[in-house]
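Structure record follows, encoded as structure tokens.
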Amino acid sequence: MGDLMATPLLFPTTLSSHATSLFLILHLCLYVCLSPADIISTVEFNHTGELLATGDKGGRVVIFQREPESKSEPFSQGEYNVYSTFQSHEPEFDYLKSLEIEEKINKIRWLPQQNAAQFLLSTNDKTIKLWKVSERDKRPEGYNLKDEEGRIKDISTVTSLQVPVLMPMDLMVEVSPRRVFANAHTYHVNSISVNSDYMTYMSADDLRINLWHLDITDRSFNIVDIKPVNMEDLTEVITAAEFHPHHCNLFVYSSSKGTLRLCDMREAALCDKHSKLFEEPEDPSARSFFSEIISSVSDVKFSHSGRYLLTRDYLTAKVWDLNMESKPLETYQVHDYLRSKLCSLYENDCIFDKFECAWNGSDSVIMTGAYNNFFRMFDRNTKRDVTLEASRESSKPRAVLKPRRVCAAGGKRRKDDISVDSLDFTKKILHTAWHPNENIIAIAATNNLYIFQDKLNSEMH
Ligand SMILES: *[C@@H]1O[C@H](CO)[C@@H](O)[C@H](O)[C@H]1NC(C)=O
Ligand SMILES: *[C@@H]1O[C@H](CO)[C@@H](O)[C@H](O)[C@H]1NC(C)=O
């Protein structure tokens, strides 16, 4: 299988000429539309990709499970079905500050599986919860003192003793809260990240990062604090944070000023001094009123290898080498045609949208979202890129995704091109996830979830 996937893909001749820029032939394998209120706010595969969790604005978590391969239906592999749905967070009220705390799920992180059950962390603005997801397919029957519904029997009717037995029943997925990590964040939690020691995790808000032990809920250690003594001196906030995938002492956090700081917990308990600062010097000729806003980093992800960092800012995605702090190794233009529209994007607040980014399993391709339900992929080796669209119309099951093209205002327009002026800025793809070792991606487009799979890959099954 691996050999076949590595061979160059051939493009069906029916595709438009734009297809030459395509390196993945993706087709839809699942489309779920939640109710309009349930805007998806995060998507996350588990470490083997068999489970996918989404969180939404209504505080719900929906878990999808990949169907095992079946001999009778060779195409069925790769299809994800709803496995479990539960309410993770409820709206709350902070009486001290007279503030409503939204139930919206900001992030979900899976813990690696250690026993028959699965565990995940979910967080809203303030409170992180650890959930246990387990299966039950047997139930005890034949109690002596109670009947099948659990009612206590009249003792006088009990004339003999029996041994209760486990009887098979329909599979039931049970979700139960195991821990609640509360009262540690004054500001809004934007990231959670499980450490590679699998015993600790961190949670980051606008100004602080805390380190938790997964078993201890009443205490956390503050490892980064950038809150100035006088809040009027505040010039920078933390936008995202993540642990290194293999070195449990290293983590990175990004800021609204476009910088990345790598910290080493072995150096000091409070990592206020970073070990490395990654920053691209600003080009003075390109400076404008919007420079600082568009350079704010909205997401940072370590590569699977741990060697690189992927960041997203408003207009670009960047790959950084951990060994080079002075500038990014690679810069990819996500939607440079918006550069002339920054003024109106500022007026409608879109300029503050926080787009996430993702690596594929072998760190060779990166993916990130854009407007008009478009998302972009960049092949780091061939330097090819593609714009694809997650839409209900173009996505019949097994339909191949057609590359899209946006032409800048005044540019030469080809058939099927979309002009910048007709892009829909209310349709944005902020959250995406890539299966850890296959070409399967999950795309959240407002209240719709799309899962696309590499066509050749799925046909080989
Ligand atoms: C991911 O979920 C699947 C399905 O429940 C499970 O078999 C697998 O062990 C999980 N992977 C990890 C690393 O937790
Ligand atoms: C990453 O993408 C490339 C290009 O499509 C593909 O060859 C490779 O198999 C992908 N890696 C994984 C682990 O999916």
Length-normalised contact order for region 116-260 - Cα pairs under 8 Å, 6+ apart - percent = 18 percent
query = Hey, with R₀ at 41 Å, roughly what FRET efficiency would SER285 and ASN183 work out to, going by the Cβ-Cβ distance, to 0.05?
reply = 0.30
query = Label MET199 and SER340 with points 7 Å out from Cα along Cα→Cβ: what is the distance between them in nm?
reply = 5.8 nm
query = Mind listing P(r) for region 214-298? All alpha-carbon pairs, 5 Å bins, whole percents.
reply = 3, 12, 19, 21, 20, 13, 7, 4, 1, 1, 0
query = Which pairs break 27 Å Cα to Cα here: LYS318/LYS428; LYS129/LYS301; LYS354/LYS412; LYS341/LYS427?
reply = LYS354/LYS412
note = Of the accessible area of region 270-426, computed with a 1.4 Å probe and all protein chains kept, carbon and sulfur make up a percent value of 50 percent
message = Taking 8 Å as the Cα distance limit and 6 or more residues as the minimum spacing, I'd like the relative contact order of the chain as a percentage.
response = 15 percent
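Ranked highest first by the average count of other Cβ atoms within 10 Å around their residues, in what order do 129-139, 311-321 fall?
Working: 129-139: 15.7, 311-321: 22.1.
Answer by packing, highest mean first, reads 311-321, 129-139.
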message = Per-residue counts of other Cβ atoms within 10 Å, averaged by peptide: what ranking do you get for 51-63, 159-171, 419-431, highest first?
response = 51-63, 419-431, 159-171
ask   = region 164-237 to region 299-318: how many Å between their Cα centroids?
value = 22 Å
query = What accessible area per residue comes out for the chain, rounded to a whole number of Å², with a 1.4 Å probe?
reply = 49 Å²
query = Which of PHE181, PHE93, PRO168 sits farthest toward the positive end of the charge dipole of the chain, with +1 on the Cβ of Lys and Arg and -1 on the Cβ of Asp and Glu?
reply = PRO168
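If you build the convex hull over the alpha carbons only and average its shadow over all orientations, what do you get for the chain? Give it in nm² to one decimal.
Details: hull surface 114.0 nm².
Projected area, direction-averaged: 28.5 nm².
GLN162 to LYS132: FRET efficiency via 1/(1 + (r/R0)^6), r the Cβ-Cβ distance, R0 35 Å, to the nearest 0.05? Display every interim value, and only then the final one.
Details: r = 32 Å, r/R0 = 0.91.
Step by step, r from the Cβ atoms, then E = 0.65.
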remark   = The aspartates and glutamates whose Cα lies under 15 Å from the Cα of LYS227, excluding any fewer than 8 residues away in the same chain, are ASP205, ASP206, GLU236, ASP272
ask   = What does region 312-461 give for Rg and for Dmax, in Å, if only its C-alpha atoms count?
value = 15.8, 49
remark   = Residues of region 155-176 with backbone N under 15 Å of the label point set 7 Å from the Cα of ASN144 along Cα→Cβ are 155-165
query = How big is the charge dipole of the chain about its Cα centre, in debye rounded to the nearest 20, if each Lys and Arg gets +1 on its Cβ and each Asp and Glu gets -1 on its Cβ?
reply = 840 debye
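Take the alpha carbon gyration tensor of region 52-211, find the square roots of its eigenvalues, order them as a ≥ b ≥ c, and report rounded if a/c is under 1.5; if not, report prolate when a/b exceeds b/c, else oblate.
oblate
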task = Pop a pseudo-label 7 angstrom from the Cα along the beta-carbon direction at both ALA408 and ASN381 and give the gap in nm to one decimal.
result = 3.0 nm
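The values are calculated or read from the model by the stated rules, or taken from the named source; none is laboratory data. From a predicted model like this one, the values you see are computed outputs, not experimental measurements. Glycine also receives a Cβ, built like all others from the backbone with ideal geometry; neighbour counts cover every protein chain displayed. Side chains included, ligands, DNA and RNA excluded: accessible areas come from the protein's heavy atoms. Shrake-Rupley method; radii C 1.70, N 1.55, O 1.52, S 1.80 Å.
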